[in-house]
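So the structure is just underneath, and the comments pick up after that.
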């Protein structure tokens, strides 16, 4: 009987906890999150430090990035909408492969436009930098690109896992 009362009390406490947390959240916590530098600002600060950018260079690059963000906002919104549409098409029964492929082609076009705009932005950023800074920036771009998407070593398609069971070895 005591165990049931304890369990009921714990359950009631767990259910009430989110409401209590919302009421007791300090108001300055909201302000402090607004005062935190945004991700783009932190990236720019790291870039400026790594490349040794002057304040004028940093300000000019910040303006280039802000222009890019403003110009590409509609395209980025379109990408989000197209992704949602593709997801919705996958959920339909029966699956209409042609419709998914057509929507995916639209998505690819918008993403290609964004990629081209990103390339132009980076080229504009390079124009603000000294030759040494440009070299470092380009080397860093290649370094980051090289690590993106690496998830470990895999064999050829269909051969993953062979050799671990039954003593068979995958052949290349």
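The values are calculated or read from the model by the stated rules, or taken from the named source; none is laboratory data. Here the structure is a predicted model, which is why all the values come from computation and not from measurement. Because the Cβ atoms are built from the backbone with ideal geometry, glycine has one as well, and the counts that use them run over all protein chains shown.
Exactly one residue among 125, 141 is surrounded by 10 or more Cβ atoms within 10 Å (Cβ to Cβ) and either modelled with pLDDT under 95 or in contact with a strand residue (DSSP E or B) (Cβ under 7 Å, 6 or more places away or on another chain) (or both), and that residue is 141. Within region 77-105, the set of residues being in a helix (DSSP H, G or I) and touching a helix residue (DSSP H, G or I) at 6+ places or on another chain (Cβ under 7 Å) comprises 78, 79, 82, 83, 85, 86, 89, 90, 99, 100, 103, 104. Count of region 106-122 residues, restricted to those that are under 30 Å from residue 47 (Cα atoms) and either modelled with pLDDT under 95 or touching a helix residue (DSSP H, G or I) at 6+ places or on another chain (Cβ under 8 Å) (or both), is 8. Scanning region 106-133 for residues that are part of a helix (DSSP H, G or I) and more than 23 Å from residue 71 (Cβ to Cβ) yields a count of 3. Determine whether region 19-39 contains at least one residue that is closer than 30 Å to residue 139 by Cβ, at pLDDT 95 or above, assigned to a helix (DSSP H, G or I) and out of contact with any strand residue (DSSP E or B) (no Cβ under 7 Å at 6 or more places or on another chain). No, region 19-39 contains no residue that is closer than 30 Å to residue 139 by Cβ, at pLDDT 95 or above, assigned to a helix (DSSP H, G or I) and out of contact with any strand residue (DSSP E or B) (no Cβ under 7 Å at 6 or more places or on another chain). Residue check: is residue 45 within 26 Å of residue 131 (Cβ to Cβ) and modelled with pLDDT of 95 or more? It is false that residue 45 is within 26 Å of residue 131 (Cβ to Cβ) and modelled with pLDDT of 95 or more.
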